[in-house]
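The values are calculated or read from the model by the stated rules, or taken from the named source; none is laboratory data. Owing to the predicted nature of the structure, the values given are computational and were not obtained by experimental measurement. Virtual Cβ from ideal backbone geometry, glycine too; neighbours counted across all protein chains shown. Remember, those area values only see protein heavy atoms, side chains included, never the ligands or the DNA or RNA. Shrake-Rupley method; radii C 1.70, N 1.55, O 1.52, S 1.80 Å.
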Amino acid sequence: MSGKRRIQWLALISFSVCLPLQGAAVRQLSDFQANVLGANDDSFTGPHNLGFTANLFGVSTTQVFVNNNGNITIGAGLADFTPNPIGGLNQLIVAPFWADVDTRLGNVVTFGTSTIGGNSAFGVWWNDVGYYAGHTDRLNDFQLVLISRTDTCPVGVPNCGNFDIEFNYDQIQWETGDFSGGTGGLGGTPARAGYSNSAGASFELPGSGISGAFLDGGSNALISGSFNSTVAGRYLFEVRNGSVGTPGATPQTPILPNGTNAAGQWLFVGIPTGLWSDPPNTYGFDYAGTGGTLFTQVGLPTGFLDPFSIFTGPTFSTLLGTFAGGTTVDFVSLAGSALSQFRITGINPTFDSTANPAG
């Protein structure tokens, strides 16, 4: 078999890949506990200094508001506790877990400045927090970290505003407060995670607003997935020149698998429809859609040994054709219909296609 890299397609897929994930996403930094948002329900504090300039969606700021309900905002605090679609909020927001956090009992929200990899950082830590109204039977442990990336600024522009966003999750046991229709922290109008510039540019993690999806063991369990990271539960978004790439939109913003199934195949769950890209450093061989998903086309990468051969059929026994790198293969025109599965060979004949993907 062969390897593959930066291949674009349409759908929910599973494939064999060697991509080990580490654990403990939340950064255990005491600096992120230096300041306290006192015990409250629906309150906020700020503005607070980041320690650097961040350019998010063209808005340059050195300060943010820390909101109890799982998010930060720019310009003003946010007390809203029921998470509506983030793109419809008339405010710039970065939300690792927007839901009705209640810290009147148990742990409170903390925040502070530190350094990560030699870069200035600002972190907010919701460490084992409960939900409305005063419940601590289920607890969530999550974190938002903003990391200055002046090392990526153009020469001569030392403070361009580039930075990284980290959503870090170690435990998600509840998703909803009582006043948002939940019972025992579940159901109702559940949590959302993502960001928005209040003017049409926004993104939500798959599973936002879906009951049970974000919970530990859920279909989009936050502690199990990852993005731009090999740490399970860490989602890293690079903000460059004021913009954030939507995962799956380009090869530079790939989608990572959510986990494996019983057969040891990696699964992509809740991905966006249309054209999207897989990680640039993963390797796979057989691609199969699930739940009725079909593939309409695939873009073959460049920089590998080619040509590439694509096989179709129930046992991958039918050769669709041989193609050069950089070619976009249209399954509808060549095979007469979209495909539920296909196989690519010729990318890296030295890679062991039978290797355990968890190994």
Between residue 62 and residue 330, what's the calculated FRET efficiency when r is the beta-carbon distance and R0 is 56 Å? Round to 0.05.
0.70
Here the gain from full extension of residue 236 to residue 290, 0.36 nm per residue of separation minus their alpha-carbon distance, amounts to 16.8 nm
Rounded FRET efficiency, nearest 0.05, which uses the C-beta distance separating residue 28 from residue 133 and R0 of 25 Å:
0.25
With θ set to phi - 60° and the Karplus curve 6.51 cos²θ - 1.76 cosθ + 1.60, what are the ³J(HN,Hα) couplings of the stretch 186-193 in order, to the nearest whole Hz, using x for Gly and Pro?
10, x, x, 9, x, 4, 10, 9
Give, rounded to the nearest 20 debye, the magnitude of the charge dipole that the stretch 70-151 has about its Cα centre when Lys and Arg contribute +1 at Cβ and Asp and Glu contribute -1 at Cβ.
140
Simple spin-label estimate for residue 150/residue 115, 7 Å along Cα→Cβ, in nm, reads 1.1
Taking amide H positions as placed 1.01 Å from N in the peptide plane, with prolines and chain starts having none, which residues 5 or more places from residue 128, or on another chain, fall under 5 Å of its amide H?
140, 141, 142
Accessible area of the stretch 53-176 belonging to carbon and sulfur atoms, whole % at 1.4 Å probe:
48
If I take all pairs of Cα atoms in the stretch 49-164, what percentage of them are more than 16 Å from each other?
62
